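Novice: Just passing along the structure, written as structure tokens.
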Amino acid sequence: MTTLFKRTFLFILFLIPICLFAQNDSIVNEKLPANAEKLELIFKYSSITLLNTNTTKVTVNPYGDGKIKKKSGSQSTTKVLGITYVESKYKFLIDFSNVYNGSSNLTGTKKTSDVLETTEATITTNLETSKTWNFYLKIDKIDFFNLDKGRLTDGERTIKIIRSKIIRLQNIEELSDLNPETLFYEFIEDGVSLGAVTFEGQSTIWLKPDLDETTKLLVCTAMLSIAS
């Protein structure tokens, strides 16, 4: 019991700074409005794997269509603060095209275990041919510390990503039928909520209605990697 207590104590100490930063990142001055644009995600999962790659087709209704390709991964044993756990790692790609001839490509790696899931990726679009966006998200699989935190940045702009509950989106009337504990990932820039995506059960995206096309394409692509 003494050893377990020490490990738990160290783990909490390690997470306290992250908690404080997460609280600062969660400040929102402008929430999603009641007329936020709703996009429904329809996944067509495939049981066929070719060349160690499984492809899932997704329709983002009524905005566009895409493909999510996941490559067969590997497993390794990781030790943190004396705690050993198994971690899986795989690469994935997303190709997305919207109805306005905009397209985006995401290339990334996911590491997942019973404790954490980490996504690191880059996103490019045909709307900004010389620019690359870096996407990072850490998900707390324990669901106790609520330390999920991420960012989407090109070096000049930074869009923060945090985990939210339905109360944050209470302006959207159609959400009232959902369980109050339903979780979302929310994208925030300069205190303004750009959108949110559910990742439990039926996936749905809500976006700020006046987003410029480049931001909308980038945010939607990043959200696809979360919802899938």
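Bear in mind these aren't lab numbers, they're just calculated from the coordinates by the rules spelled out. Computed from a predicted model, the values in this text were never measured in an experiment. Note that we place each Cβ from the backbone using ideal geometry, even for glycine, and neighbour counts take in every protein chain shown.
Novice: Distance from a point 7 Å along Cα→Cβ of ASN105 to each backbone N in the stretch 51-74: keep the residues under 12 Å and list them by number.
Specialist: none
Novice: Along the positive direction of the dipole of the stretch 44-92 (beta-carbon charges: Lys, Arg +1; Asp, Glu -1; about the Cα centre), which of LEU50, THR78, TYR90 reaches farthest?
Specialist: LEU50
Novice: Give me the one-decimal nm value for the distance between modelled label points at PHE199 and ARG157, 7 Å along each residue's Cα-to-Cβ direction.
Specialist: Inter-label distance under the simple model: 2.2 nm.
Novice: Sticking with this structure for a sec: Once you have the Cα-Cα distance between ASN179 and THR59, take 0.36 nm times their residue separation minus that, and quote the gain in nm to one decimal.
Specialist: So the chain would gain 40.7 nm between ASN179 and THR59.
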